[in-house]
Amino acid sequence: QVQLVESGGGLVQAGGSLRLSCAASGRTFSTFDMGWFRQAPGKEREFVAAITRFDTTYYADSVKGRFTISRDNAKNTADLQMNSLKPEDTAVYYCAAGIGGLQSNMNARRYDYWGRGTQVTVSS
């Protein structure tokens with residue numbers, strides 16, 4: 001089993017920044033692909049960013065150039081730096097870990113473990 005715990009969410013004004021962190025425990029972190037997804041009220045969960053076990057990164061078009069995903073295998077963490085935040089970034093953000101598969105890194109089905117989420121609210 002793998003446990004994922006997100007932190008760093010909160011309330012921020014448009015144009016501001018937040019850094020989300022995902023702490024993992026239970027298995028060798030370096031073997032996982034990591035992803036961040038988000039879900040706004042009344043909407044489906046959507047892909048935000050991913051970083052593979054080989055440090056390849058992927059971003060949704062809506063966050064490209066504003067968000068940066070990183071990982072620290074020594075600390076078992078995967079972070080999401082969010083800059084130039086917009087009200088439309090408001091959502092619950094979820095961390096996910098996957099051991100691999102045929103699905104794209106941008107597909108939620110690729111991931112086997114999920115955190116409980118952290119709320120990000122961006123005011124206009």
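The values are calculated or read from the model by the stated rules, or taken from the named source; none is laboratory data. The model shown is predicted, which means the values in this text are computed figures rather than measured ones. Every residue, glycine among them, receives a Cβ derived from its backbone with ideal geometry; neighbour counts consider all protein chains shown. We work out accessible area using only protein heavy atoms, side chains counted, and drop any ligands, DNA or RNA first. Shrake-Rupley method; radii C 1.70, N 1.55, O 1.52, S 1.80 Å.
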Kindly sort Phe54, Phe47, Phe32 by accessible area of their heavy atoms, largest first, with the probe set to 1.4 Å. Phe54, Phe47, Phe32
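Ratio of alpha-carbon Rg to the 2.2 N^0.38 Å globular estimate for segment 41-89, to two decimals, please.
Details: Rg = 12.1 Å, N = 49, 2.2 N^0.38 = 9.7 Å.
Compared with the compact-globule rule of thumb, segment 41-89 sits at 1.26.
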Starting from the Kirkwood Rh over alpha-carbon pairs, what translational D in µm² s⁻¹ does segment 33-124 have by Stokes-Einstein at 4 °C and 1.567 mPa s? 97
Where in segment 26-65 are there trypsin sites (Lys or Arg not before Pro) that are in a DSSP coil and have at most 13 other Cβ atoms within 10 angstrom of their Cβ? Lys43, Lys64
For segment 33-124, state which GluC sites (Glu not before Pro) are in a DSSP loop and have at most 14 other beta carbons lying within 10 Å of their beta carbon. Glu44
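Taking 0.36 nm per residue of sequence separation and subtracting the Cα-Cα distance, how much length would be gained by fully extending the chain between Arg19 and Glu44, in nm to one decimal? Could you put the intermediate results ahead of the total?
Numbers: separation 25, 0.36 × 25 = 9.00 nm, distance 2.28 nm.
My answer for the length gained is 6.7 nm.
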Förster radius 30 Å - calculated FRET efficiency between Thr31 and Ser123 (Cβ-Cβ, nearest 0.05): 0.15
How much length is gained if the chain between Asn73 and Thr56 is pulled fully straight, taking 0.36 nm per residue apart and subtracting their Cα-Cα distance, in nm to one decimal? 4.7 nm
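Place a +1 charge on the Cβ of each Lys and Arg in segment 67-124 and a -1 charge on the Cβ of each Asp and Glu, then give the dipole magnitude about the Cα centre in debye, rounded to the nearest 20. All intermediate terms of the calculation are to be shown ahead of the outcome.
Numbers: 6 positive and 5 negative charges, 27 e Å.
Here the size comes out at about 140 debye.
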